[in-house]
């Protein structure tokens, strides 16, 4: 009988990199880049929204539990959680397989609950201006 092949994760059409995540995160009002565990992390008002892991392909991202479960179920090649993070509102993102538009929305979702009303208004005004030009 033939050997069983393991399925390789699909690669995103254009791989997301640390620089891509940096650009997306820093485009959100008030977000600052710092370090956490010696790796780049993105914070708003002292709270971490996302941080990189040393493998260069993994981003830890703050998220709602329900969102996490849906994404892990529908995109297991891009999203996962480990046992030690199961009780925390975080998930891991494989940058080599995640779609850019989806990641952009998830970063904004992590940012929004921590943002001030003024920061949200500035972000929405910027988004509206980009749509009209």
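Odds and ends about this structure:
- For the pair residue 83 and residue 69, label points projected 7 Å from Cα toward Cβ lie 2.1 nm apart.
- Ordered by the count of other Cβ atoms within 10 Å of each Cβ, fewest first, 130, 104 give 130, 104.
- Helical contribution to [θ] at 222 nm, DSSP H n ≥ 4, -39,500 (n - 2.57), averaged over the chain, rounded to 500: -11000 deg cm²/dmol
- Ordered from longest to shortest, the equivalent ellipsoid semi-axes for the chain are 28, 17, 14 Å, each the square root of 5 times a Cα gyration tensor eigenvalue.
- To the nearest ten degrees, helix 117-132 and the longest principal axis of the Cα atoms of the chain are 80 degrees apart.
- On Cα atoms only, tilt of 100-111 relative to the major axis of the chain in degrees: 50
- Efficiency of FRET between residue 124 and residue 99 - r from beta-carbon atoms, R0 22 angstrom, step 0.05: 0.45
- Size descriptor for the stretch 28-69, Kirkwood hydrodynamic radius: 11.0 Å (Cα pairs only, one decimal).
- The distance separating the Cα centre of the stretch 92-133 from that of the stretch 20-43 comes to 13 Å.
- Tilt relative to the chain, helix 65-74 - C-alpha long axis, 0 to 90 degrees, to 10: 40
- Sequence-distant contacts, meaning Cα pairs under 8 Å at least 6 residues apart, place the relative contact order of the chain at 26 percent.
- Simple label model, 7 Å out from Cα along Cβ direction - residue 54 to residue 131, nm: 4.4
Throughout, read-outs are computed from the coordinates displayed, never taken from laboratory work. All values reported here derive from a predicted model rather than from experimental measurement. Cβ coordinates were reconstructed from backbone atoms using ideal geometry, including for glycine residues, and neighbour counts include every protein chain displayed.
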